[in-house]
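Okay, structure first, notes after.
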Amino acid sequence: MNFPSPILAADYVGHVVGGWEYVQGAYGLTLVALLAYGAYLFNARKDRS
Amino acid sequence: MSPDNRNRLIAVGALLVAGAALAFIAFGQIGDNLVYYWSPGELLAQGDKAYGPTIRLGGMVVPGSIQWNEAHTGLTFEVGDDHSATAKKVKVQCDQVPPQMFREKIGVVVEGTYDASHFFKTSRLMVNHSNEYKPPKEGEDPKQWMKSLAEEQQAQR
Amino acid sequence: MSGHPKILAGAFEVLRKDLLIEWRTRARLNALIFFSLATLLLFSFALGPDSELLRKNAAGYYWLGILMASVLSLGESFRIETENLALDGLRLIPTDPRAVFLGKAFGNAVMLWLLSLIVLPVMVALYDVTIREGVAQLAGLLFLGCLGISAPGTVYAAIASNARARDVLLPLLLFPVLLPSLLASVKATGLIFEGDPMLQLRSWVGLLASFNVLYWGLGFVLFPKIIEDD
Amino acid sequence: MRHWTLTYSSQTQALLWLPMILLALVLALIGVHVFDPKARRWTWKALAVIGVGMAVGQPFLALSWVPPEKYMGDTGRILYVHVPQVWMALIALTLNFGASLAFLLKKSWVSDALAEASAEVGVLFGAVGVTLGALWAKPTWGAYWTWDARLTTAAILLVVYSGYLALRKFIEDPEKRATWSAVVGIFAAVDIPVLWFSVKWWRSMHQTQSNPSTVDPLMTAVLRYSATAFLALLAVFIYQRFLVASAKRNEEVALPEALPAVGGTP
């Protein structure tokens, strides 16, 4: 990729990797992991009781 | 002493030795030498021996040293031991798009090779962020420095 | 206060017994030699004809070869006990279990060390390595590295030999725990091969020795918990 | 690009204490939960309500209320999930070490079940924390992963404890499983202090630990808030997983001779 300048290129890359959606994605990942584990625990508890 | 007590004593002794070993790893200063990267001073002190193998170089980007060539695909800058004027410096040639944080006076680690041309050639440029987290000043745009640098370049042309 | 001599004497007996069994057939050492040679060859095949690359990473491949062989060796050292319920016999004689640990772990270290020394010339020829910092230092470092593998290795082999799927379990448990000492061994060996301009050798050996003391201490205290049957 | 105006009004200043109060509340509830078995019927529910409630508010505070970082911009917001997640992993795995040690000193199904629960939850939080760290490293450092001391020890930590969890699945005899996994848990715990101090011992890529003097007060407050939310969730997760493990243990121990349950569900 030939960007007009490395600095502008960094700005461009920064908008894709590290942009707003990227950060939201990271939060979403955390949320999904915690929810999934919570659901798994809830199921396991139901089976045991 | 009963066998039980003696056994306990031996166990405690062995654990103390193990703990001492962990403490030695922690505070024995062995870490000083096991570095992830070399500073420019350390690299230059190597002389010819640093030519060839893949090494990591870490330091501060020297203010005013960031340049890119006419085709705007390559990036060169200098890495110094610290901000002082007398600090040892190494020129770095990078063919990778620098990360978003890259700017003057920031810590960087570059992975590549050094040779007789006295350019450190790298295609892996990493920015070493400090442990400081501050908000932008009032009204300031978080990424303004990048635009300002780009504008500076425009003005120079 | 006759605790220490008794443990040491017991450890010596276990060590003597294991080495005697090994010496009678030499089957284990022979198998290990061929296995690690095959591993070293495989690395050079996998990397292709780039001899520069091989030389640069020789220390890493060499230690990986020893590590792969160690899993077989450690597993075997407890298989001779679990067959014919010999471990129960070992437990019944009035030996301190810690003596069993010391004897077994030291025996395993010696076995690995012999292996590494036998394979060394072949590795040097195969990977075109020069030993820059002295053969005696290298031999000492190799022994230290083997001690680092054998202490946690003996503890984990005792666990795995009694579990289901022991062949999967031993490397699964052992490799990650070995990483710090393995890393130090590889770096130090690499410095002996490549030269040591920044005088880092002592630091890596210090790190390796510290992890050795740490793991031998933990193994010494915890091993009885594994073979004791309540 | 959104612009931020920071107003350190007296109200904002007062708000900065809120996370500490919430943290004290959560810690007090955990304390009651640990020391008063009779209160466990409701303490975990209270913790769950606080944890879920705070976790729902966390993205609002971290993604919208707090200003972006000066140089990293919005990417800096990953701080508020990455750091607390790793903290929680370390807390859980240290608990695993304590439970393993306790089991070897005095055999009890309680400490065995606690060890099982804390290891699993610790690996969960650790895996999420390390993944978030990699996601954060790409835009800021320029690489998802690099083998410096901190990242290497973090990788070792995850693999070692995954091995620990695998071991537990491979042994059927509950007593042997408990003893052997306790031994493995103690060996594994060696990595915890090495991981924590790695950034101080070795000159590495990862920044050293932050402290309130290097982090803006607003950001510190959000970080503390997030840590409190995750701490409450951690406590609930470990307790629920512990109940599952205890129930399983009781089945296993009771089955052969139909003896009354050992240890019991606390």
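The values are calculated or read from the model by the stated rules, or taken from the named source; none is laboratory data. No experiment lies behind these values; they were computed from the predicted model shown. In this analysis, Cβ positions are derived from the backbone assuming ideal geometry, glycine residues included, and neighbour counts consider all displayed protein chains. For the accessible areas, the whole protein counts, side chains as well, though only heavy atoms, and no ligand, DNA or RNA atoms are used. Shrake-Rupley method; radii C 1.70, N 1.55, O 1.52, S 1.80 Å.
Given the criterion surrounded by fewer than 22 Cβ atoms within 10 Å (Cβ to Cβ), part of a helix (DSSP H, G or I), in contact with a helix residue (DSSP H, G or I) (Cβ under 9 Å, 6 or more places away or on another chain) and modelled with pLDDT under 95, identify the matching residue among D:Gly76, D:Gly57, D:Gly51. If you could, list the steps in order and put the result at the bottom.
On the way: D:Gly76 fails: surrounded by fewer than 22 Cβ atoms within 10 Å (Cβ to Cβ); D:Gly51 fails: surrounded by fewer than 22 Cβ atoms within 10 Å (Cβ to Cβ).
Testing whether each residue is surrounded by fewer than 22 Cβ atoms within 10 Å (Cβ to Cβ), part of a helix (DSSP H, G or I), in contact with a helix residue (DSSP H, G or I) (Cβ under 9 Å, 6 or more places away or on another chain) and modelled with pLDDT under 95 leaves just D:Gly57.
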Among the residues of the stretch D:214-238, write down those that are modelled with pLDDT under 95 and of a type in the set (Phe, Trp, Tyr). D:Tyr225
Residues satisfying the stated conditions in the stretch B:81-100, i.e. under 17 Å from the mean Cα position of the chain (by Cα), surrounded by fewer than 21 Cβ atoms within 10 Å (Cβ to Cβ) and under 30 Å from D:Thr75 (Cα atoms): B:Asp81, B:Asp82, B:His83, B:Lys91, B:Gln93, B:Gln96
For the stretch A:26-49, give me each residue that is more than 7 Å from chain D (Cβ to nearest Cβ), small (Gly, Ala, Ser) and either surrounded by 12 or more Cβ atoms within 10 Å (Cβ to Cβ) or in contact with a Ser or Thr (Cβ under 6 Å, 6 or more places away or on another chain) (or both). A:Gly28, A:Gly38
Selection from the stretch C:105-123 of residues open to solvent by less than 40 Å² (accessible area, probe 1.4 Å) and of a type outside the set (Ser, Thr, Tyr) yields C:Ala105, C:Gly107, C:Asn108, C:Ala109, C:Val110, C:Met111, C:Leu112, C:Leu115, C:Val119, C:Leu120, C:Met123
C:Phe220 passes all but one of (1) over 19 Å from the mean Cα position of the chain (by Cα); (2) facing chain B (nearest Cβ under 7 Å); (3) at pLDDT 85 or above; which number fails? (1)
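Please work out if B:Val61 is within 14 Å of chain D (Cβ to nearest Cβ), modelled with pLDDT of 85 or more, farther than 27 Å from C:Glu194 by Cα and out of contact with any helix residue (DSSP H, G or I) (no Cβ under 8 Å at 6 or more places or on another chain).
Numbers: within 14 Å of chain D (Cβ to nearest Cβ): yes; modelled with pLDDT of 85 or more: yes; farther than 27 Å from C:Glu194 by Cα: yes; out of contact with any helix residue (DSSP H, G or I) (no Cβ under 8 Å at 6 or more places or on another chain): yes.
It is true that B:Val61 is within 14 Å of chain D (Cβ to nearest Cβ), modelled with pLDDT of 85 or more, farther than 27 Å from C:Glu194 by Cα and out of contact with any helix residue (DSSP H, G or I) (no Cβ under 8 Å at 6 or more places or on another chain).
Do you know which of the residues in the stretch B:120-157 that are hydrophobic (A, V, I, L, M, F, W, C) and open to solvent by less than 60 Å² (accessible area, probe 1.4 Å) is modelled with the highest pLDDT?
Start the filter on the stretch B:120-157 by keeping residues that are hydrophobic (A, V, I, L, M, F, W, C), which leaves B:120, B:125-127, B:145-146, B:149-150, B:155.
Narrowing the set further to residues that are open to solvent by less than 60 Å² (accessible area, probe 1.4 Å) leaves B:120, B:125-127, B:145-146, B:149-150.
Numbers: B:Phe120: 87, B:Leu125: 84, B:Met126: 84, B:Val127: 84, B:Trp145: 47, B:Met146: 48, B:Leu149: 50, B:Ala150: 52.
Among them, the one singled out is B:Phe120.
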Look at the stretch C:159-206 and say how many of its residues are part of a helix (DSSP H, G or I), more than 17 Å from C:Ala59 (Cα to Cα), touching a helix residue (DSSP H, G or I) at 6+ places or on another chain (Cβ under 6 Å) and among the aliphatic types (A, V, I, L, M). 8
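Taking D:Val121, is it of a type in the set (A, V, I, L, M) and in contact with a helix residue (DSSP H, G or I) (Cβ under 6 Å, 6 or more places away or on another chain)? Write out each step before concluding.
Numbers: of a type in the set (A, V, I, L, M): yes; in contact with a helix residue (DSSP H, G or I) (Cβ under 6 Å, 6 or more places away or on another chain): yes.
When the stated conditions are applied, D:Val121 passes them.
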Out of the residues in the stretch D:116-157 that are in contact (Cβ under 8 Å) with a residue 12 or more places away in the chain and not in a helix (DSSP H, G or I), state the one that is surrounded by the fewest Cβ atoms within 10 Å (Cβ to Cβ). D:Thr146
